[in-house]
Amino acid sequence: MTAVELALPTTTSQDRDHPVQPRSDRGAWKRRAPLLPALVFTIAVTQVPFLLTVFYSFQSWNLVRPGSQHFVGLRNYVDVFADSQFRGAMLNTVVLTVVCVLVAMLLGLGLALLLDRAFLGRGVVRTLLITPFLILPAAGALLWKTTMFDPTYGLLNFVLGGETDWLSEFPLASVMAQVVWQWTPFMMLLILAGLQSQSKEVLEAAQVDGAGRWRTFASITLPQLSRFLQLAALLGAIYVVNSFDAIFLMTQGGPGTASTNLPYYIYQRAFEGFDIGQSSAMGVIVVILTMIVSTFTLRLMFRAFDVSGGVR
Amino acid sequence: MSVSTTWPAARGANRSRRAGGRPRRQGLLSWVALHSLGLALGLMFLLPFVFVLLTAFMSDQQALTATLWPREWHPENFAEVFTSAPMLRYLGNSLLYAVLATAGMLLSSVPAAYALARLRWRGSNLAFLLVIAAMLLPPQVVAVPLYSLWANNHLTGTLWPLIIPYFLGDAFSIFLLRQFFLTVPQDYLDAARVDGCSELSVLVRVLLPMVRPGLAAASLFTFLYTWNDYFGPLLYTGEAQQSWTLSLALASFRGAHRDTQWNLTMAATIVVMLPVILLFLFAQKSFVRGITFTGVK
């Protein structure tokens, strides 16, 4: 899985730091012992709820009918996949995640390239551009709902004219606009850090050798950025897949289920429909989907840029 | 692609002059194009805030109209936010949640991250994988078993179901701290051990002072995440208004007053935004270092 490859970039330095130590094993364990409980405990605590969810997903259990809990095998999964609302929510989640991560990264890349240059007031501009990432997501969602999309007072209709009710005519696109707005600064910060870690000598050498701007960007800057881009895509995908606030506050998943994503649908089924069995089955599916989407997004992107290999 | 135009104009101009071809005017043109692009993008990101700020100063009536500039300025709207809703209580709740969660994260995740970074045993890779898996887990997935656990202990309606888990370890922070711990050369730690330090005092006396930026970044992330959290408080305290956090209060601020008092809603939005923006301005450096450290060498 790509997430894991990413997460282990330091294996080599680790190996270097740990030459095979022929010390007595018992001594090593004595030193280790005080730390292990913390780790084991932590892992247990983070994994047990998920195992419980897996267990519930094989049960038929609705809180509205007390005593209804019994084992049904895979039936919840069959029901869930037969549920067209679930399939719609799944599709929305994929669209939301892929589009938002890609658009936010492209915008973030553009802004980072701008901010990488010296100009008057750069510090101020950078701070201002970061602001959307710092405000409460709940506040951001309300802010877009009222200031941008409102049919009567919203800025969009003020600028474009007309009486479009954005949130009911283009619910998913509206939510995506807000999510992109919220996440672009994060991508920008990360990519900017990547840009600023470039060595100036290499860039100047490329210029002296007569490489054009586009050429320099494509063959020096982009490969250098690839790790940063991967990381940005991975972290972005993890968070965007879980988008809840924006949907809950802007559209309530509607109209109908037009903008319902999986986290919101699970929440509805579990805490408004009280169907524990089915919502758990959906949860398990979401976990699998999260892993697939984050892997897929990365693969796709790096095939497009063709920068994945060879650098450092 | 627009990217190609974003090289320093001066450098670009030099290059084309040296190449002996293009006139200098192109450098100027791309400079103008670049700055207008930057300005447009910047405006796109800022416009909503400007609108919020202006609306926050309007009178009740004017806030209902589609005008942009306040006819009269009403700074007292900001004071009214605090009198019309128990904002200080919500602020206190948000702080309680964010500060205790951050403290709990440091207590629990530092030893776990150290064990993952420095101790090798059979299964240490599996342990690390499990931490990553927990990081990928959407909170909604495990909400049901956790909710029933807290309900059985009569803690729903308070913020404790959100705070206590941080004292048991937080997957993202463990991951982040591990990456920082790996940057400290093993020799330092070995030297301390030769001098007779126990593993615990190696951690506390030698390692922690060396990874202070890492601790700052992990704290900042945890603080920001819990401060921003909407789903958690909604799930556990939705019915119990005395435990609401700012996120929840802000969303309901508008609900409770319907669409009539937009100026107050906007003023409340600004009141809620300010602390985090101030925090970020103070801690910008370690924040950036934090996100770049999570995966990049």
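Just wondering, is there one or more residues in segment B:80-88 that are acidic (Asp, Glu), closer than 16 Å to B:Thr265 by Cα, touching a residue at least 24 places away in the same chain (Cβ under 8 Å) and in a helix (DSSP H, G or I)?
Taking segment B:80-88 first, the residues acidic (Asp, Glu) are B:80.
When the remaining residues are screened for being closer than 16 Å to B:Thr265 by Cα, the result is B:80.
Then keep just the ones that are touching a residue at least 24 places away in the same chain (Cβ under 8 Å); that gives B:80.
Adding the requirement that they be in a helix (DSSP H, G or I) leaves B:80.
Looking for residues that are acidic (Asp, Glu), closer than 16 Å to B:Thr265 by Cα, touching a residue at least 24 places away in the same chain (Cβ under 8 Å) and in a helix (DSSP H, G or I), one finds at least one in segment B:80-88, hence yes.
Applying the selection to segment A:242-256, what residues are surrounded by fewer than 24 Cβ atoms within 10 Å (Cβ to Cβ) and within 22 Å of A:Ile285 (Cβ to Cβ)?
A:Asn242, A:Phe244, A:Phe248, A:Gly253, A:Gly256
For A:Gly256, indicate whether it is more than 10 Å from chain B (Cβ to nearest Cβ) and in contact with a helix residue (DSSP H, G or I) (Cβ under 7 Å, 6 or more places away or on another chain).
Criteria not met by A:Gly256.
Just one of the numbered conditions (1) more than 8 Å from chain B (Cβ to nearest Cβ); (2) more than 22 Å from A:Leu249 (Cβ to Cβ); (3) among the polar types (S, T, N, Q) is not true of A:Thr97; which one?
(2)
From the list B:Leu91, B:Leu95, B:Leu106, which one is surrounded by fewer than 17 Cβ atoms within 10 Å (Cβ to Cβ), part of a helix (DSSP H, G or I) and not hydroxyl-bearing (Ser, Thr, Tyr)?
B:Leu95
Across segment B:142-161, what is the number of residues that are without any contact (Cβ under 8 Å) to a residue 60 or more places away in the chain, aliphatic (A, V, I, L, M), part of a helix (DSSP H, G or I) and within 7 Å of chain A (Cβ to nearest Cβ)?
Final tally of qualifying residues: 2.
Just one of the numbered conditions (1) within 22 Å of the chain's Cα centre (by Cα); (2) modelled with pLDDT of 85 or more is not true of A:Gln85; which one?
(1)
Considering each residue of segment A:191-205, count those that are within 29 Å of A:Leu234 (Cβ to Cβ) and over 30 Å from the mean Cα position of the chain (by Cα), and give that number.
So the answer is 3.
Of the residues that make up segment A:112-127, is at least one closer than 20 Å to B:Thr265 by Cα and facing chain B (nearest Cβ under 7 Å)?
No; the residues of segment A:112-127 include none that is closer than 20 Å to B:Thr265 by Cα and facing chain B (nearest Cβ under 7 Å).
Filter segment B:212-247 down to residues that are surrounded by fewer than 22 Cβ atoms within 10 Å (Cβ to Cβ) and not in a helix (DSSP H, G or I), then give me how many there are.
3
Being in contact with a Phe, Trp or Tyr (Cβ under 8 Å, 6 or more places away or on another chain), in a helix (DSSP H, G or I) and in contact (Cβ under 8 Å) with a residue 24 or more places away in the chain is the filter here, so list the residues in segment A:149-169 that pass it.
A:Leu167
Is there a residue in segment A:160-182 that is at the interface with chain B (Cβ under 8 Å from one of its Cβ atoms) and surrounded by fewer than 21 Cβ atoms within 10 Å (Cβ to Cβ)?
Checked against the condition, which is being at the interface with chain B (Cβ under 8 Å from one of its Cβ atoms) and surrounded by fewer than 21 Cβ atoms within 10 Å (Cβ to Cβ), segment A:160-182 yields no hits at all.
Only one of (1) over 29 Å from B:Phe172 (Cα atoms); (2) facing another protein chain (nearest Cβ under 10 Å); (3) touching a Leu at 6+ places or on another chain (Cβ under 6 Å) fails for A:Ala232. Which number is that?
Result: A:Ala232 fails condition (1) only.
Determine whether B:Phe78 is in contact with a helix residue (DSSP H, G or I) (Cβ under 6 Å, 6 or more places away or on another chain) and either in the same structural domain as B:Met266 (by TED's automatic domain parsing) or not acidic (Asp, Glu) (or both).
yes
Failed condition for A:Thr152, given (1) under 16 Å from A:Leu111 (Cβ atoms); (2) at pLDDT below 80, with all others met?
A:Thr152 satisfies every listed condition except (1).
Among the residues of segment B:28-43, count how many are without any contact (Cβ under 8 Å) to a residue 24 or more places away in the chain and either in contact with a helix residue (DSSP H, G or I) (Cβ under 8 Å, 6 or more places away or on another chain) or facing another protein chain (nearest Cβ under 8 Å) (or both). So that I can check it myself, show each step before the final result.
Taking segment B:28-43 as the starting set, the residues that turn out to be without any contact (Cβ under 8 Å) to a residue 24 or more places away in the chain are B:28-29, B:31-32, B:35-36, B:38-43.
Filter again for either in contact with a helix residue (DSSP H, G or I) (Cβ under 8 Å, 6 or more places away or on another chain) or facing another protein chain (nearest Cβ under 8 Å) (or both), leaving B:28, B:31, B:35, B:38, B:41-42.
Qualifying residue count, segment B:28-43: 6.
Just give me the residues in segment A:204-224 being more than 28 Å from A:Val101 (Cβ to Cβ), surrounded by 17 or more Cβ atoms within 10 Å (Cβ to Cβ) and within 9 Å of another protein chain (Cβ to nearest Cβ), in sequence order.
Just the residues of segment A:204-224 that are more than 28 Å from A:Val101 (Cβ to Cβ), to begin with: A:204-212.
From the residues that got through so far, the ones that are surrounded by 17 or more Cβ atoms within 10 Å (Cβ to Cβ) too are A:206-207, A:211.
Of everything in segment A:204-224, just one residue is more than 28 Å from A:Val101 (Cβ to Cβ), surrounded by 17 or more Cβ atoms within 10 Å (Cβ to Cβ) and within 9 Å of another protein chain (Cβ to nearest Cβ), namely A:Gln207.
Can you tell me how many residues in segment B:163-202 are hydroxyl-bearing (Ser, Thr, Tyr) and surrounded by fewer than 18 Cβ atoms within 10 Å (Cβ to Cβ)?
Filtering segment B:163-202 for residues hydroxyl-bearing (Ser, Thr, Tyr) gives B:166, B:173, B:183, B:188, B:198, B:201.
Next, only the ones that are surrounded by fewer than 18 Cβ atoms within 10 Å (Cβ to Cβ) stay: B:183, B:188, B:198, B:201.
Of the residues in that region, 4 qualify.
Scan segment B:122-141 and report the pairs whose first residue is in the same structural domain as B:Leu168 (by TED's automatic domain parsing) and whose second residue is in a loop (DSSP other than H, G, I, E, B), with Cβ atoms within less than 6 Å and a gap of 6+ or a chain change.
Partner pairs satisfying both residue conditions: B:Pro138/A:Asn242.
Within segment A:259-312, take every residue that is of a type in the set (Val, Ile, Thr) and over 22 Å from the mean Cα position of the chain (by Cα) and give me the one that is modelled with the highest pLDDT.
Out of the qualifying residues, it is A:Ile276.
When you check B:Ala171 against the structure, is it under 17 Å from the mean Cα position of the chain (by Cα), within 9 Å of chain A (Cβ to nearest Cβ) and small (Gly, Ala, Ser), yes or no? Reasoning before the result, please.
Values: under 17 Å from the mean Cα position of the chain (by Cα): yes; within 9 Å of chain A (Cβ to nearest Cβ): yes; small (Gly, Ala, Ser): yes.
Criteria met by B:Ala171.
Do we have any residue at all in segment A:236-246 that's of a type in the set (S, T, N, Q) and part of a helix (DSSP H, G or I)?
no
Test A:Asp116 against the stated conditions and say whether it is farther than 18 Å from B:Val142 by Cα and modelled with pLDDT under 85.
Criteria met by A:Asp116.
Can you pull out the residues in segment B:45-63 that are within 8 Å of another protein chain (Cβ to nearest Cβ) and aliphatic (A, V, I, L, M)?
If the condition is that a residue be within 8 Å of another protein chain (Cβ to nearest Cβ) and aliphatic (A, V, I, L, M), then B:Leu46, B:Leu47, B:Val52 are the ones that fit.
The values are calculated or read from the model by the stated rules, or taken from the named source; none is laboratory data. From a predicted model like this one, the values you see are computed outputs, not experimental measurements. All Cβ positions, glycine included, derive from the backbone under ideal geometry; neighbour counts span all protein chains shown.
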